[in-house]
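All remarks here apply to the structure that follows.
Bear in mind these aren't lab numbers, they're just calculated from the coordinates by the rules spelled out. These numbers were taken from a predicted model, which means no experiment stands behind them. Glycine gets a Cβ as well: all are built from the backbone with ideal geometry, and neighbour counts include every protein chain shown.
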Amino acid sequence: MDTVATAIAAAEDANERDLEERDIQGRILHMLSVYPQISPSMLQISLNLPALKWKPALEHLIQDEVVLRHVVVMNTPSGRIQNHTILRLHSTELRLNEDAAV
């Protein structure tokens, strides 16, 4: 009997996590619709959630090719090399490519 109750509790936890992740993904997509390009640190501030909660949701969006992650390497005027991560919606990338082709 305890095994069944444990399995039910685990399934309910998984369902709750799925709902929470979908909510977080919706918030991420909203931010990217408002701000076409955003850094992970700006996303962190706008979501106001611990990274342990929003990063897995973002990774699933990237795996599903809904969100694109670009890493830009730049040299500063002082000669330092900096990496910048930029997040954007995949549909934004498609529109940019279409505009460039015209």
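Annotations for the structure displayed:
- 3J(HN,Hα) along the range 68-77: 9, 10, 10, 10, 10, 9, 10, 9, 7, x Hz, from the Karplus curve 6.51 cos²θ - 1.76 cosθ + 1.60 with θ = phi - 60°, whole Hz, x for Gly and Pro.
- Once both labels are positioned 7 Å from their Cα atoms along Cα-to-Cβ, the gap between Ile86 and Val72 label points is 0.4 nm.
- Those GluC sites (Glu not before Pro) in the range 18-89 that DSSP places in a loop and that have at most 10 other beta carbons within 10 Å: Glu65
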